[in-house]
Amino acid sequence: MKKLLGLMAVAIIGISGYAQSGPKIQFKTETIDYGTVTKDSDNGLRTFEFTNIGDAPLNIVNVQSSCGCTIPSYSKEPIMPGKTGKIEVKYNMSPGPIRKSLTVESNAVNIEGGRVQLKIKGNVEVPKETNIMEKKKAIPGS
């Protein structure tokens, strides 16, 4: 009987440790694809949305970009359980491929160390210039 009670106590402690309580973060997506855009047609601003699926306030402590061409902004206010928050990222739209990351630091208990890595990807093209002489040829009657 003592062995059975001891085994039950160990099982209860193990189960309670598994069911973490506290703030938990869940992102709608961890990667944003800009697709193929032209430098002048897009301002480079995108938003990562997340929800606190835990039972305590979620604090975003820091958001750090992998380079200076990507600027993140986020609310410093705690996100209450069940509520959503946003992390905005602005890319400077330099021509070429986009492959950047953001490291989000929080007090979330459902991710290791409270850190999650978000990514942006895509390609920025330079707008094609039309030659003035070609425009004149295309106009009917000239």
Item to check | Unique residue being modelled with pLDDT under 95, within 19 Å of the chain's Cα centre (by Cα) and not hydroxyl-bearing (Ser, Thr, Tyr) when the list is MET133, MET93 | outcome: MET93
Checklist entry - List the pairs whose first member sits in segment 101-118 and is under 15 Å from ALA56 (Cβ atoms), whose second member is among the basic types (Lys, Arg) and surrounded by fewer than 15 Cβ atoms within 10 Å (Cβ to Cβ), and whose Cβ atoms are under 8 Å apart, counting only residues at least 6 apart or on separate chains? => result SER106/ARG115
Checklist entry - Within segment 66-106, can you find the residues that are surrounded by fewer than 17 Cβ atoms within 10 Å (Cβ to Cβ) and touching a helix residue (DSSP H, G or I) at 6+ places or on another chain (Cβ under 9 Å)? => result SER94, PRO95, GLU105
Checklist entry - Across segment 40-57, which residue is modelled with the lowest pLDDT among those that are exposed (fewer than 15 other Cβ atoms within 10 Å of the Cβ) and of a type in the set (Asp, Glu)? => result ASP40
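The values are calculated or read from the model by the stated rules, or taken from the named source; none is laboratory data. Since the structure is predicted, the reported quantities are computational estimates derived from the model, not experimental observations. Don't worry about glycine lacking a Cβ; one is built from the backbone with ideal geometry, like all the others, and counts go over all protein chains shown.
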